[in-house]
Amino acid sequence: MSSRRIGVMGGTFDPVHHGHLVAASEVQNRFGLDEVIFVPTGQPWQKVDRVVSKAEDRYLMTVIATASNPVFSVSRVDVDREGQTFTVDTLRDLHTEYPDDELFFITGADALEQILTWRDADELFKYAHFIGVTRPGYQLDDHHLPKGKVSLVEVTAMAISSTGVRERVGSGEPVWYLVPDGVVRYIDKRRLYRQET
Ligand code: ATP
Ligand code: MG
């Protein structure tokens with residue numbers, strides 16, 4: 001079997017939004033990827049100062065958002081693994097699942113900087129090439145990044161964040177067109193991000 005090029009898009013996806021989808025689509029095209037796998041993180045008890053939605057809700061919203069794209073898929077590796085998600089575990093598991101394929105880990109440039117300062121950085125590069133997508137208002141300082149292992153891609157400025165979407169839902173503002181229609185419906189159905197919950 002010939003080697004495929006697989007993008008791996010990790011995230012909390014609480015909720016997944018059009019910034020994530022545009023970034024994944026842009027990188028898929030730019031790097032000629034055969035598939036992009038979205039990987040929602042497992043359940044952290046907290047992310048800095050807030051409770052993160054249940055992994056199953058974040059997983060399902062990601063499935064809803066990606067279902068119509070034939071080259072997008074969603075993996076449960078992080079959702080199904082016990083404990084906090086570390087990128088090295090994600091990549092090790094996907095490498096085990098796709099041993100003959102080339103992995104490209106796609107991440108926002110902000111997150112990239114943190115990942116690469118972790119002590120597992122060397123192991124990460126064994127499994128994947130890293131693609132940092134720059135978000136609006138973010139300037140990446142790349143001189144300490146290892147050469148040949150990390151690419152930076154500027155993605156159409158989309159000032160959408162999950163934080164912004166949650167805040168809008170919490171204050172009763174619309175999130176149509178910031179997230180896919182099915183995700184708007186799912187947030188409503190499950191009453192996610194309401195202040196009283
Ligand atoms: P939060 O506001 O809760 O931090 P988020 O919008 O950053 O959420 P994450 O699930 O944390 O979403 O992001 C997953 C990945 O997508 C990260 O690598 C992040 O940097 C990247 N990303 C998030 N928003 C965008 C965007 N608008 N354009 C490009 N990349 C993005
Ligand atoms: Mg974030």
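Asp57 - would you say it is within 24 Å of Gln195 (Cβ to Cβ), away from ligand 2 (no atom under 16 Å from the Cβ) and not in a strand (DSSP E or B)? Outline the logic, then answer.
Details: within 24 Å of Gln195 (Cβ to Cβ): yes; away from ligand 2 (no atom under 16 Å from the Cβ): yes; not in a strand (DSSP E or B): yes.
Considered against the rule, which asks whether it is within 24 Å of Gln195 (Cβ to Cβ), away from ligand 2 (no atom under 16 Å from the Cβ) and not in a strand (DSSP E or B), Asp57 comes out as yes.
This table checks each residue for (1) surrounded by fewer than 19 Cβ atoms within 10 Å (Cβ to Cβ); (2) within 16 Å of ligand 2 (Cβ to nearest atom); (3) modelled with pLDDT of 95 or more; (4) within 17 Å of Gly10 (Cα to Cα).
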| residue | (1), (2), (3), (4) |
| --- | --- |
| Lys126 | yes, no, no, no |
| Gln139 | yes, no, no, no |
| Lys147 | yes, no, no, no |
| Val153 | yes, no, no, yes |
| Met158 | yes, yes, no, no |
| Pro180 | no, no, yes, no |
| Arg194 | yes, no, no, no |
Review point. Do you know which of the residues in region 110-122 that are of a type outside the set (D, E, K, R) and open to solvent by less than 50 Å² (accessible area, probe 1.4 Å) is nearest to ligand 1 (Cβ to nearest atom)?
Key: Ala111
**Study point:** In region 68-79, the residues that are touching a residue at least 12 places away in the same chain (Cβ under 8 Å) and of a type outside the set (Phe, Trp, Tyr)
**Key:** Asn69, Val71, Ser73, Val74, Ser75, Arg76, Val77, Asp78, Val79
Check your understanding: Somewhere in region 98-109, is a residue open to solvent by 30 Å² or more (accessible area, probe 1.4 Å) and free of Cβ contacts under 8 Å to residues at least 24 places away in the same chain?
Key -> yes
Revision key, fill the gap. Here the residues within region 6-45 that are more than 12 Å from ligand 1 (Cβ to nearest atom) and either assigned to a helix (DSSP H, G or I) or surrounded by fewer than 16 Cβ atoms within 10 Å (Cβ to Cβ) (or both) are Gln28, Asn29, Arg30, Gly32, Asp34, Trp45
Exercise for review: Go over the candidates Ala23, Ala55, Ala67 one by one and state the one that is within 21 Å of Val88 (Cβ to Cβ) and not basic (Lys, Arg).
Suggested key: Ala55
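The values are calculated or read from the model by the stated rules, or taken from the named source; none is laboratory data. All of these numbers come straight from a predicted model, not from anything done at the bench. Note: ideal-geometry Cβ built from the backbone for every residue, glycine included; neighbour counts use all protein chains shown. Accessible surface is based on the protein model in full, side chains and every heavy atom, while ligands, DNA and RNA are left aside. Shrake-Rupley method; radii C 1.70, N 1.55, O 1.52, S 1.80 Å.
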